[in-house]
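The values are calculated or read from the model by the stated rules, or taken from the named source; none is laboratory data. All values derive from a computational prediction rather than experimental measurement. Note: ideal-geometry Cβ built from the backbone for every residue, glycine included; neighbour counts use all protein chains shown. Note: accessible area is taken over every heavy atom of the protein model, side chains too, but ligands, DNA and RNA are not part of it. Shrake-Rupley method; radii C 1.70, N 1.55, O 1.52, S 1.80 Å.
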Amino acid sequence: MPVSTSDSSYAPLQAAARIRSVRTPIIPVVAELIRDHPGTISLGQGVVHYPPPPEAVSRLIEAAGRAEAHGYDHVAGRTELLDRLSDKLATENGIDVADGVSVVVTAGANMAFMNAVLAVADPGDEVILQTPFYFNHEMAVRIAGCRPVPVPTDASYQLQIDAIERVVSDRTRAIVTISPNNPTGAVYDRASLTAVNRLCIDRGIYHISDEAYEYFTYDGVGHFSPGSIAGAARHTISLFSFSKAYGMPGLRMGYMAFPEHLLGPIKKIQDTLLICPPLPSQFAALGALEAGRSYCRSFIEGLGAVRELVRRRIRDLGDRVRMPGVEGAFYGFVRVDTDLDDMTLVRRLIEDHGVAVIPGNTFGMDEGCYVRIAFGALNEETVAAAMDRFVSGLNEILG
C-alpha cells in the first residue's frame with residue numbers, strides 16, 4: 001500500500017549527519033563576493049600564475065587524437081607514468097619504491113588524501129591535523145565519518161611534537177603534516193618531521209605527508225620527505241600534485257606513495273570513486289615530468305620577489321598585524337589585532353577596498369582574527385596593487 005506523502009509521522013528528508021558536520025567550502029563563498037564587487041583583486045585562490053610546460057600541452061594535444069586516451073585504463077595509472085613517478089620519487093624525494101612502497105596516480109592530491117583516510121580509518125577513528133589546517137583535509141576526515149583532532153602549531157606555525165603526542169589515543173589512525181604548508185607558508189625541518197614519523201612508528205599509526213608544494217621554498221630552505229626515513233615504508237603515506245608546480249590544476253593530476261599493504265584497499269576506493277585517473281591528463285603529466293622540476297624552479301625567483309613585497313607591506317602595518325614564516329609555498333597567514341571576526345573583515349576588505357583574502361576560521365582558527373593571503377596567482381605588479389588595497393584597507397578599518 002503506498003505511503004501518503006502528507007503523513008506527518010515521517011521526518012523530513014535531509015543529508016547525512018556526517019555531511020552536515022562538514023564546513024561549507026569558503027573559496028566559492030568568497031568568489032561570489034568578488035563577483036558582486038567587480039574590480040576586486042583576489043589574493044584568495046591558491047594557484048600559480050604560470051601555464052603548464054609546453055611538453056605537457058603537446059602531450060595533451062597529442063592524446064586528444066588517440067582513441068586509447070578516451071577510454072578506461074588501469075585503476076592505479078598507466079605503467080609508463082608510474083615508472084616515471086617511481087624514478088622521480090627515488091631521485092628527488094629519497095623514497096625507494098622497491099622498498100615495500102606502492103604508487104598510484106590520482107585525480108589531484110585531494111583525492112590522494114581521501115584515498116588515504118578511507119584506506120586507514122574506520123568511522124569514529126581520529127586523524128590528527130595541525131592548526132591552522134588545510135580545510136579540505138578536515139572536510140575529508142569528516143566525510144569519512146572520522147573525527148579530526150586539531151593540534152596547534154607554535155607562534156611561528158611550526159610543529160609542536162609534545163602537543164601532538166598528548167592527543168594520540170587508541171582511536172588515532174594517522175597524523176597529518178603539510179610541508180611546505182598551506183595555509184601558513186611554513187616549512188617543517190627534518191628533525192620535526194622525523195620526530196612525527198618516529199611517533200607514528202612507536203604508536204602504530206600512519207604518517208600522512210602532504211607535499212604538494214615541495215618545489216616552493218625560499219632563502220635556501222630545503223624540502224624533506226618523511227617517506228625517505230629508514231623504516232618509514234610501512235607507515236608513511238606521501239601525497240604529491242602536478243597542480244601547483246606545473247600550473248595544471250584543471251587537469252587534476254596527483255599521486256601517492258604508500259605502504260604496499262594498502263594497495264588493495266586503495267585500488268578498491270579509487271575504482272569506486274574514479275575508475276581510473278583521467279587518461280589525457282596522464283599524458284600531460286608525462287610531458288610535465290619531461291620538463292622536470294627545473295620548469296617550476298624557473299619561476300621561484302619571481303615568486304620570491306613577490307613574497308618579499310608581501311612581507312614588506314605587512315611590516316608597514318606595524319605590530320597590529322603579524323605574519324611569521326613564509327619560507328615556502330605561496331601563502332602568508334596573517335593575524336590581525338582587531339575585535340572584528342575574520343569573515344566580517346574579509347567582507348569589508350572586498351566591499352570597501354576591492355581586495356579579497358580568505359578568513360582564517362576556515363583553517364580551524366576560531367579564536368582571534370586571521371586571514372590567508374595567496375600570492376602565487378598574480379604577477380608582481382598586480383600583487384603590489386592588491387597589497388596597497390590590503391594595507392590601506394586595514395589602516396582604515398583598524399583606525
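Values for this structure:
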{"read-out": "Matching residues, the stretch 288-320, being in contact with a Leu (Cβ under 7 Å, 6 or more places away or on another chain) and either surrounded by 15 or more Cβ atoms within 10 Å (Cβ to Cβ) or of a type in the set (Phe, Trp, Tyr) (or both)", "value": "Leu317"}
{"read-out": "The stretch 320-345, residues that are in a helix (DSSP H, G or I), more than 22 Å from the chain's Cα centre (by Cα) and closer than 21 Å to Ala186 by Cβ", "value": "none"}
{"read-out": "Every residue from the stretch 108-117 that is over 18 Å from Glu214 (Cβ atoms) and open to solvent by less than 20 Å² (accessible area, probe 1.4 Å)", "value": "Asn115, Val117"}
{"read-out": "Residue that is most open to solvent (accessible area, probe 1.4 Å) [pool: residues in the stretch 353-399 that are without any contact (Cβ under 8 Å) to a residue 12 or more places away in the chain and closer than 21 Å to Val22 by Cα]", "value": "Glu367"}
{"read-out": "Options Tyr157, Tyr213: the member that is at positive phi and either surrounded by 22 or more Cβ atoms within 10 Å (Cβ to Cβ) or of a type in the set (S, T, N, Q) (or both)", "value": "Tyr157"}
{"read-out": "Odd one out for Thr106 among (1) without any contact (Cβ under 8 Å) to a residue 12 or more places away in the chain; (2) closer than 18 Å to Gln270 by Cα", "value": "(1)"}
{"read-out": "Verdict on Val120 being crowded, with 22+ Cβ neighbours inside 10 Å and closer than 17 Å to Ala17 by Cβ", "value": "no"}
{"read-out": "Single match in Thr177, Thr184 (criterion: within 27 Å of Ser298 (Cα to Cα), open to solvent by less than 10 Å² (accessible area, probe 1.4 Å) and touching a residue at least 60 places away in the same chain (Cβ under 8 Å))", "value": "Thr184"}
{"read-out": "Wholly enclosed strands (runs of 3 or more DSSP E) of the stretch 172-259 bearing at least 3 residues within 27 Å of Arg78 (Cα to Cα) and of a type in the set (A, V, I, L, M, F, W, C)", "value": "236-241, 254-259"}
